[in-house]
Amino acid sequence: MLSKFEKEENGICVEAASLYHHVPNKEALIQQVIDAVSIKAVVDEATVLPWTQTFHSFATNFRNILKAHPGVVPLVAIHSVSEKTGAKLAVPLIAVMEKTKASPEEVLFIIQSIAVFVIGHALAEVGNCPDRPTAPAEYYNQWFEVGLTALINGFEQKYE
């Protein structure tokens, strides 16, 4: 069992137990890890694309972020992001949906549906970490694109 947590890019070496000097408990630490990984998927509000492309870009980026942090994927699958992080993720996605027929509640369902698809797919792909994925990367890439395209096209047909 490892006795130290190392973060190579900053050259920080911290005793595992000393992490609790910075967070009140394990749940808070887990929340911070989930938020730190998830916040990287925020869509740039300055990017002006049709909502379908924005959501595709968000989903692809979120998947790549989760694949880069396979040990976090099971945590993301069973814990929600914080309210603050959720708002930062949702606001730009809500903004691009303003010209559609979707109600504000439906927009949140669309965002959640796509996020859950991405998380579920990442869990299927890298959730058995530290073991390697059970299928070739191309299989997962194709599966992801087929599923994401079906989701977005379905929402597009309903709300355009």
Percent RCO, i.e. relative contact order, over the stretch 53-160, from Cα pairs under 8 Å lying at least 6 residues apart: 41 percent
Pair-distance profile P(r), taking every C-alpha pair of the stretch 8-160, with 10 angstrom steps and integer %: 10, 36, 33, 16, 5, 0
Segment LEU108-ILE78, length gained on full extension (0.36 nm per residue, minus Cα span): 8.9 nm
Exceeding the 27 Å Cα-Cα cut-off - candidates LYS84/LYS158; LYS67/LYS88; LYS67/LYS101; LYS26/LYS67: LYS84/LYS158; LYS67/LYS101
Length released on extending from ALA95 to TRP143, taking residue separation times 0.36 nm less the Cα-Cα span: 14.4 nm
Range in the chain, longest, excluding exposed trypsin sites (Lys or Arg not before Pro) [loop by DSSP; at most 15 other beta-carbon atoms within 10 Å]: 1-98
HN-Hα J in Hz across the stretch 137-151 - Karplus 6.51, -1.76, 1.60, θ = phi - 60°, x for Gly and Pro: 4, 4, 4, 5, 4, 5, 4, 4, 5, 4, x, 5, 4, 4, 4
Paired Rg and Dmax values of the stretch 78-160, which use every Cα atom, in angstrom: 15.0, 44
Cα gyration tensor, the stretch 16-90 - rounded (a/c under 1.5), prolate or oblate: prolate
Using alpha-carbon coordinates, inclination of helix 51-68 to the longest axis of the chain, degrees: 20 degrees
Loop-resident sites, the stretch 13-112, for GluC sites (Glu not before Pro), counting at most 16 other Cβ within 10 Å (DSSP): GLU45, GLU98
J(HN,Hα) series, the stretch 114-126, from Karplus relation 6.51 cos²θ - 1.76 cosθ + 1.60, nearest Hz, glycine and proline x: 5, 4, 5, 4, 4, 5, x, 5, 4, 5, 5, 7, 10
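Coordinate-derived values only; no laboratory data. Bear in mind the structure is a predicted one, so any value in this text is a computation, not a measurement. Virtual Cβ from ideal backbone geometry, glycine too; neighbours counted across all protein chains shown.
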